[in-house]
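Just below is one structure, and these are the notes that go with it.
What follows is calculated from the coordinates using simple rules that are stated; it is not laboratory data. All of these numbers come straight from a predicted model, not from anything done at the bench. No Cβ is skipped: glycine too gets one built from the backbone with ideal geometry, and neighbour counts run over all protein chains shown.
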Number of protein chains: 2
Amino acid sequence: MDSRKVGILGGGQLGRMMVEAAHRLNIHTVVLDGEGAPAKQINALSDHVNGSFNDPEAIAELSNKVDVLTIEIEHVNADILEDLEKSSSTKVEIHPSPQTIKIIKDKYLQKKHLISHGIATADAESVESTPESLEAVGKKFGYPYMLKSRTDAYDGRGNFVVDDESKIKEALEFLHSRPLYAEKWAKFTKELAVMVVRSTDGTVHSYPTVETVQKNNICHLVYAPARVPDTIQLKAKLEAENAVKTFTGAGIFGVEMFLLEDGEIIVNEIAPRPHNSGHYTQDACVTSQFEAHLRSILGLPLPKGFSNLSTPSTNSIMLNILGGDEPNSELEICKRALETAGANVHLYGKSTRPGRKMGHVNIVAGSMAEAEARLERIMHGTPIESFQKSSDLAGTSENPLVSIIMGSDSDLPVMAVGANILKQFGVPFELKIVSAHRTPHRMSKFAVEAASRGVKAIIAGAGGAAHLPGMVAAMTSLPVIGVPVKGSVLDGVDSLHSIVQMPRGVPVATVAINNSTNAALLAIRILGAFIPEYHNKMEKYMANMEEEVLAKTHKIETNGYENYNK
Amino acid sequence: MDSRKVGILGGGQLGRMMVEAAHRLNIHTVVLDGEGAPAKQINALSDHVNGSFNDPEAIAELSNKVDVLTIEIEHVNADILEDLEKSSSTKVEIHPSPQTIKIIKDKYLQKKHLISHGIATADAESVESTPESLEAVGKKFGYPYMLKSRTDAYDGRGNFVVDDESKIKEALEFLHSRPLYAEKWAKFTKELAVMVVRSTDGTVHSYPTVETVQKNNICHLVYAPARVPDTIQLKAKLEAENAVKTFTGAGIFGVEMFLLEDGEIIVNEIAPRPHNSGHYTQDACVTSQFEAHLRSILGLPLPKGFSNLSTPSTNSIMLNILGGDEPNSELEICKRALETAGANVHLYGKSTRPGRKMGHVNIVAGSMAEAEARLERIMHGTPIESFQKSSDLAGTSENPLVSIIMGSDSDLPVMAVGANILKQFGVPFELKIVSAHRTPHRMSKFAVEAASRGVKAIIAGAGGAAHLPGMVAAMTSLPVIGVPVKGSVLDGVDSLHSIVQMPRGVPVATVAINNSTNAALLAIRILGAFIPEYHNKMEKYMANMEEEVLAKTHKIETNGYENYNK
């Protein structure tokens, strides 16, 4: 696809998956790392460089063999890269820029950079490795605060939570001989992440917002999309894009964020390379983060809409496979993943060691509930104590597939029956009061935003001059199901005709008077036309109905109709 | 995932993609082929064997290095493999079995094998390379018939169409010095193919039925799923599975079939390896044909449901990238593919040569129409003379997403309006007369089969004691939209109440009396909730409605209401 050679500093799993993506596009890659590194295992070129990605000579040797240099890890010798870039004797391009790597690899410089560019992040302070310095920070930030190593820290190594003054001694021992800084404590409810691609011309594009679940400070699960409202997802995307815009050079960036208790989002850390939270893109997106990285550093085009999940009904969970206590015991999880529909196993070719990242499994499904059911199957038998299943209070789902709205709480007794059906079928839904006549602007906002929030069908109940279903249908392109609610006069025929007799152009799927059960079943049939889980449940529901009636007729036929109700 | 080494005879693109799949599972592969073969380029093992996959010594050398032997091409030395299998000095497993390779690599033996096992295929006859022998076959089979080389034939090379007796001389010259057989002419309307996986225990599983489009005897496009009715798809799957059951050994098999004019399906040829018609599985299915092959020969589990497209709304087209007349001119197509949403480029690392298979593009979309629109964008500017766009006579789609039914042809004037809306939106649909009262059994059959035929919504129009929508809804789990048709009495209120007042448990989405427009728009909204193409079209349609009304009010406001209709 491109005749230029790409040199990669670092040959771990990220380099390996970069090489995999390069193979598909017939792009040649040369790797600098120790012999037999994961990336070298799948790359037949004989001119790899053996050595450290911190060794000036090895970096110089690599740069002479390639046209473009990139990294799979930020802990490289950025000064050498900077010299290389300035040198007139080499024409190698370096992405991301050495300046970017230099800022990001020192977490304190990174913080200061973000703060100076107006990106929301926790306050940070440089500290000395002395009790006095740490006490001063404690007075300024309050307790707890985070003490972090400025460099060479990953997967929580190099971090220490200073709970109160009495922990300062322990903190200094734990992080002795490392350059330190302190970070104000952030009370977060979820950790979010967004992969952002920066093109050589500086434009940025981002993948969907995901949610990361850590276990012992190591990424355990990634939910894509994140189980937060659409507005939060969008906010996170924009904030991540803004953060990446402040850096220079091309490539993919992983932006880790905290969702705070008050709904604000702050940036935690940025990685100037492919990131564990973006592995789901290999199976859930059209273009993986690794291919996007290669395309961006080579100036190759990105596809229109590359940043979406591959279909609107795609949901994905990534599970990291860590080395078990027994050699190769992690392969048990992989075997179960092989047996599971919608699961893909990715192994890195590393020798097994307890707690080491050995590979990951991407699970793809038509709904998050289905993805979680598959995850549970795969994790069966292994400790899942930190496994956070998304369970919602009925009718308050953050990612509803169905939205039930009604004009007044007086409609609730009728509409709650349908809500219970959705609950029974395990459909994520929300239930709200939205009045056409009393909250017309709220209604407009609801209708306009519903589709982009992931809602697939709206159920609207209304009585009398029932305008809600038709008005919402006029402002959304989603299917709207209308439930005529019977009022005190006219037996509900007023509501029925107000809902069903819509003019040409704006349909409302009307069901029988007061029959919110059928509205819910209709919504489930709509979901079932595209999501097998609901199709199967509906088939079962209908078979049960048949059985119930058959049981009743059996009773009549055996006992006689006169004894039926005795 | 498995510590056994796999040896591959042949290192072309199929071997390369097998190696790619093996890397992901951390399975080691050793390749026998010439130096620098595509599969070797992406495989860092140093113990590859350089040589021909027909050379006994090279095969023996390979077999000493690995635990399991497999092939990426059937034109290997099967006798040597048979000897190896019998030999007591080696413990190598061979998949598929040498006997299977032996039968399949000789196309005449393959035909005779299929016929003797009761698999439907064209009649075949062994012939001598003499005019007399060919004339005798012409008398038996009639003209035209196919003259084929028994061995070493692929991509149409080695085939000659004998139109009549006068062509016999030319045929013998074209195929001189090759072992020949003749095949009875098959009048086919489409070419179908199914990838079948045979496990070590002999069980078979198959991928979806696809449609292949050839150009100059080389596979040009693959549509997945095939654009044929569901019943034909299923028949092809079963026939392919039955054919593969007759062979021995594990692995994936590509079964090429003809769909004849009379609706019968016959097997054309079988390949005992991954196949060009299965490349779409890399991006459209959860497990690719290459990974399925590796798993089956190693006895690793296959996932439940691996053989489905990744979501029920996934549609895919594969486009082969052939070498252009100018070196690397094929990269133009690849560049456009990189820019296209839902397209993935796979290049093989082969030096460019006109007509050579250099790579392929897999296009994935929520509907076949969307996939074709993407294909058109990618192929823009290149000759597309044999490009067969799926265009249907309105209302006769073979893969309808929406089915319009009505109780009587007297309902057609009302229902045709909705049909035209579907046509205008480019929705594949069918229109049928199905009467609840006069064809009750036809109605049952229709309702029961609709979902499995790929229909996503049913529109049913009926008048008077309108039972059709509700009865169909009782026998399908799909969403059913009811259109009350106005009769000669009661203004359609009879139909409206018959349709909308369904009992709890069986919903019908009822629209206004005679308003099939809204029924069609509702069906499109249902599709649009899951297929972006229809969502976008609906948004545009609604914006247009708004513009029309704004233009009208502008006319009233500028000309005065009294002059509005003048």
With both bridge residues required to lie in the protein assembly as shown, what share of the DSSP beta bridges run antiparallel, to the nearest 5%? 65
Test item: Cα-centred dipole of the protein assembly as shown, Lys/Arg +1 and Asp/Glu -1 on Cβ, debye: 1680
Projected onto the charge dipole of the protein assembly as shown (unit charges on the beta-carbon of Lys, Arg, Asp and Glu, signs +1, +1, -1, -1), the Cα from B:LEU550, A:ASN559, A:ALA519 with the largest positive-side position is that of A:ASN559
Charge dipole (the protein assembly as shown, unit charges on Cβ, about Cα centre) - positive-most of A:ALA250, A:THR314, A:ILE404: A:ILE404
At B:ASN328, label 7 Å along Cα→Cβ: distances to the other copies, nm, ascending? 4.5
For chain B, percent of DSSP beta bridges that are antiparallel (nearest 5) comes out at 65
Return one number: the angle in degrees, 0 to 90 and rounded to the nearest 10, between the long axis of the Cα atoms of helix B:368-379 and the longest principal axis of the Cα atoms of chain B. 60
Dipole check, the range A:5-95, charges on Cβ (K,R +1; D,E -1), about Cα centroid: among A:ALA78, A:HIS23, A:ASN54 the Cα furthest to the positive pole belongs to A:HIS23
The protein assembly as shown: Rg to Rh, with Rh as the Kirkwood radius over Cα pairs: 1.00
Can you name the residue in chain A whose Cβ lies closest to the A-to-B rotation axis, and give that gap in whole Å? A:ALA509, 2
Shape descriptor, chain A: equivalent ellipsoid semi-axes (Cα gyration tensor, sqrt 5λ, whole Å, largest first) stand at 52, 27, 24
Gyration tensor verdict on the range B:402-530 (Cα atoms; rounded if a/c is under 1.5, prolate if a/b is larger than b/c, oblate otherwise): rounded
Compute the semi-axes of the equivalent ellipsoid of the range B:123-185, taking the square root of 5 times each eigenvalue of the Cα gyration tensor, and list them largest first in whole Å. 16, 12, 11
Simple label model, 7 Å out from Cα along Cβ direction - A:HIS441 to B:SER410, nm: 5.4
Label spacing, shortest first and in nm, from B:GLY51 to its equivalents in the remaining copies (7 angstrom along Cα→Cβ): 3.9
How crowded by other chains is A:355-367, given as the mean number of beta carbons from other chains within 10 Å of each beta carbon? 1
Under the rule of at least 5 residues apart or a separate chain, name every residue whose amide H is placed under 5 Å from the amide H of B:THR340. A:LYS304
Which pairs, out of A:LYS215/B:LYS5; B:LYS486/B:LYS537; A:LYS445/B:LYS552; A:LYS304/B:LYS357; B:LYS65/B:LYS111, put more than 32 Å between their alpha-carbon atoms? A:LYS215/B:LYS5; B:LYS65/B:LYS111
Taking Cα centroids, how far is the range B:119-161 from the range A:198-249 in Å? 61
Nm distances between the label at A:ALA551 and the same-position labels in the remaining copies, 7 Å along Cα→Cβ, shortest first? 6.0
How about B:LYS140: which aspartates and glutamates have a C-alpha closer than 19 Å to its C-alpha, ignoring those fewer than 8 places off in the same chain? B:ASP123, B:GLU125, B:GLU128, B:GLU132, B:ASP163, B:ASP164, B:GLU165, B:GLU183
Treating only Lys and Arg (+1) and Asp and Glu (-1) as charged, each at its beta carbon, one finds that chain A has a dipole about its Cα centre, in Debye to the nearest 20, of 1140
